[in-house]
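A short write-up of the structure that comes next.
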Amino acid sequence: MAPLLLLCLLVPLCLLLLAVRSSRFAHRKLPLPPGSLGLPLLGETLQLISAYKTENPEPFIDERVTRYGAIFTTHVFGEPTVFVTDPEANRYVLQNEGKLFECSYPSSISNLLGRHSLLLMKGSLHKRMHSLTMSFVNSSIIRDHLLVDIDRLIKLNLDSWPSTVFLLDEAKKITFELTIKQLMSLDPGEWTENLRKEYLLVIDGFFGLPIPFFTTYARAIKARAKVAETLRRKVRERRREYYEEEKEKERKREDMLGSLLELEGGGGGGGGGGGFSDDEEIVDFLLALLVAGYETTSTIMTLAVKFLTETPAALAQIKEEHEEIRAKKRGMEALQWSDYKAMPFTRCVINETLRVANIISGVFRRATTDVNIKGYTIPKGWRVFASFRAVHLDHEYYKEARTFNPWRWLNKNPSTQGNLFTPFGGGPRLCPGYELARVEISVFLHHLITTFNWEAAEVDRLVFFPTTRTQKRCPVNLSRRKSTSNTAMKI
Ligand code: HEM
Ligand SMILES: *[C@@H]1O[C@H](CO)[C@@H](O)[C@H](O)[C@H]1NC(C)=O
Ligand SMILES: *[C@@H]1O[C@H](CO)[C@@H](O)[C@H](O)[C@H]1NC(C)=O
Ligand SMILES: *[C@@H]1O[C@H](CO)[C@@H](O)[C@H](O)[C@H]1NC(C)=O
């Protein structure tokens, strides 16, 4: 028996060794993507920052693509980084999240986000919570539950505007109020305004320049603790209500917080169902949702208006689209899902704004193993930046790629688009808010266009560092329109 046993053990062992050896050969190391690491420590960070501080950041990538090709190595923000600017390779990076690559944030960012935020989750927990988040904000939920409040709160905001506003500030206020409503059914008021003041300090911590870092960051961490405490109190309150209603067996429809509590209750406690075992985890989760949709959605709202203002033919066409929708309604009757579906040109405008000025210009990942890609090897542990912007602004894929031209989307065949347009990322970390953001931006544009005429109050320039924004926060002079309500009354 003994020799047989030995054989049984040895044969598989040998086969295993053989397999390992041959796979070593198969995964022969290829060269690093070409490029330059620049200066010691600083690398090419200063070149990157100075390019992104202008209206035209493209040369940083363009120059390197010309010299080295679509995948190149550089050294920015403290470590060597492989830039990927090719649609196929970008797709590969996105789709292999959790297998060959992992999202990675510096600890300064993860401290602000909180350990239990979706953005930092990994593996099967991430998978479960990602699809849960998707189901909070999918199109049927927006249609049946969220749209009413989006319409109402945006209108409420615009009704209170003075004759000059900074669009970016107003868009941020709106986005914040919408998210708070969606997360926990709270209408704007003193409570939300106080929370927002603290929240703004947290956001500064994410985006502040790294130079006067310490004070901004310290303030952000303190503010984060306050925001978390405020949210925690709400969570506790709701948990009490939840159990009381549970006893009475009549539960109101829930918001996201309600669904999270339900999940916890239904999961047999201990967070078995959804991975939440205490309030802290719920707070982290809520805060991450508040952060993820905030700068992104509000910047696109603002920049869509800026580009429309600078493109009169597009402004005229979008006005026509929204006046037509308004004309079919009585007075200020709320927008319906069917109205949102009847905004084809608005969709083009939003796509085009996302293409030329998305605040998320790409995503950072870390290789979890040696990865062979397009004839190169990205060494294990190295950082990768998949640049969506480089693809979105590539003349090869978009004609006159660097001008704002919403009409280009009219005849686009979406099936050929695939990996050429990824403003919301893709793969396991595809943005769960992709439809919600579009709806919010569309409703915002609808009310702005049908309520006001406007003009830029000052010349304002787009910049891309530290984030995509305009230098002066987009000041506009507004005048209220009378025509639309008149037509509505005549009908
Ligand atoms: C124009 C608006 C928006 C843009 C351009 C945008 C873009 C993105 C992108 C590119 C990612 C992928 C990040 C990565 O792969 O590492 C992402 C992730 C995410 N987005 Fe959005 N987003 C927007 C609005 C929103 C909204 C309104 C929400 C609210 C529900 C949201 C929630 C999230 C969350 C929770 C994640 C993390 C997903 C994960 O890691 O699994 N986003 N977003
Ligand atoms: C959206 O999510 C809900 C659950 O929250 C689910 O019942 C519904 O089928 C989903 N709808 C779509 C279009 O995926
Ligand atoms: C806008 O982009 C999305 C992909 O994010 C695509 O599915 C859609 O067809 C585009 N819209 C138009 C009008 O081309
Ligand atoms: C915008 O309004 C301000 C204050 O009412 C005024 O001083 C300024 O001239 C206006 N700008 C333009 C471009 O009309």
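Among the residues of region 309-357, the ones that are of a type in the set (A, V, I, L, M, F, W, C) and without any contact (Cβ under 8 Å) to a residue 60 or more places away in the chain come to 5 in all.
Considering region 326-345 alone, what residues qualify as being in contact with an Asp or Glu (Cβ under 6 Å, 6 or more places away or on another chain) and more than 17 Å from Lys155 (Cβ to Cβ)? Phe345, the sole residue that qualifies.
Within region 102-120, the set of residues being in contact with a Phe, Trp or Tyr (Cβ under 9 Å, 6 or more places away or on another chain) and under 24 Å from Asp370 (Cα atoms) comprises Cys103, Ser104, Tyr105, Pro106, Leu119, Leu120.
Counting only residues that are touching a residue at least 24 places away in the same chain (Cβ under 8 Å), more than 16 Å from ligand 4 (Cβ to nearest atom) and either in contact with a helix residue (DSSP H, G or I) (Cβ under 7 Å, 6 or more places away or on another chain) or assigned to a loop (DSSP other than H, G, I, E, B) (or both), region 462-484 holds 9 of them. Every listed requirement among (1) within 16 Å of ligand 3 (Cβ to nearest atom); (2) surrounded by fewer than 19 Cβ atoms within 10 Å (Cβ to Cβ) is met by Val137 save one, (2). For residues that are within 13 Å of Asn453 (Cα to Cα) and either touching a Gly at 6+ places or on another chain (Cβ under 6 Å) or small (Gly, Ala, Ser) (or both), tally how many sit in region 300-319. Here the count works out to 1.
Those residues that are within 21 Å of Val148 (Cβ to Cβ) and open to solvent by less than 60 Å² (accessible area, probe 1.4 Å), I need them from region 308-336; list them, please. Hits for region 308-336 are His322, Ile325, Arg326, Lys329, Gly331, Ala334, Leu335. Quick one: what pairs do we get from region 429-457, first residue closer than 14 Å to Gln336 by Cα, second within 16 Å of ligand 2 (Cβ to nearest atom), C-beta under 8 Å, 6+ apart or different chains? Correct list of pairs: Val439/Ile142; Val439/Leu146; Val439/Leu147; Val439/Tyr340; Ser442/Tyr340; Val443/Leu147; Val443/Tyr340.
Does region 429-452 contain any residue that is open to solvent by 40 Å² or more (accessible area, probe 1.4 Å) and more than 16 Å from ligand 3 (Cβ to nearest atom)? No, the conditions are met nowhere in region 429-452.
Taking the criterion of being small (Gly, Ala, Ser) and either within 16 Å of ligand 2 (Cβ to nearest atom) or assigned to a helix (DSSP H, G or I) (or both), the residues of region 392-438 that qualify are Ser415, Gly418, Gly427, Gly433, Ala437. Checking Asp151, Asp169, Asp204 one by one, the residue that is open to solvent by 30 Å² or more (accessible area, probe 1.4 Å), modelled with pLDDT of 95 or more, in a helix (DSSP H, G or I) and not basic (Lys, Arg) is Asp169 and no other. Pairs meeting the criteria (first residue in region 90-106 and among the aromatic types (Phe, Trp, Tyr), second residue surrounded by fewer than 20 Cβ atoms within 10 Å (Cβ to Cβ) and modelled with pLDDT of 95 or more, beta carbons under 7 Å, at least 6 apart or on different chains) are Phe101/Arg366; Phe101/Thr368. In summary, Thr66 fulfils each of the numbered conditions (1) closer than 30 Å to Arg461 by Cα; (2) in contact with a strand residue (DSSP E or B) (Cβ under 7 Å, 6 or more places away or on another chain) with the single exception of condition (2).
Scanning region 274-296 for residues that are open to solvent by less than 10 Å² (accessible area, probe 1.4 Å) and within 30 Å of Ala342 (Cβ to Cβ) yields a single hit, Tyr294.
Condition check ((1) open to solvent by 50 Å² or more (accessible area, probe 1.4 Å); (2) in a strand (DSSP E or B); (3) farther than 25 Å from Tyr397 by Cβ) across all residues:
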| site | (1), (2), (3) |
| --- | --- |
| Arg91 | yes, no, no |
| Leu119 | yes, no, yes |
| Arg128 | yes, no, yes |
| Leu132 | no, no, yes |
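The values are calculated or read from the model by the stated rules, or taken from the named source; none is laboratory data. Keep in mind that what you see is a predicted model, and the values were worked out from it rather than measured. So basically every Cβ, Gly included, is an ideal-geometry build from the backbone, and we count neighbours across all protein chains shown. In case anyone asks, the SASA skips ligands and DNA or RNA and just uses the protein heavy atoms, side chains included. Shrake-Rupley method; radii C 1.70, N 1.55, O 1.52, S 1.80 Å.
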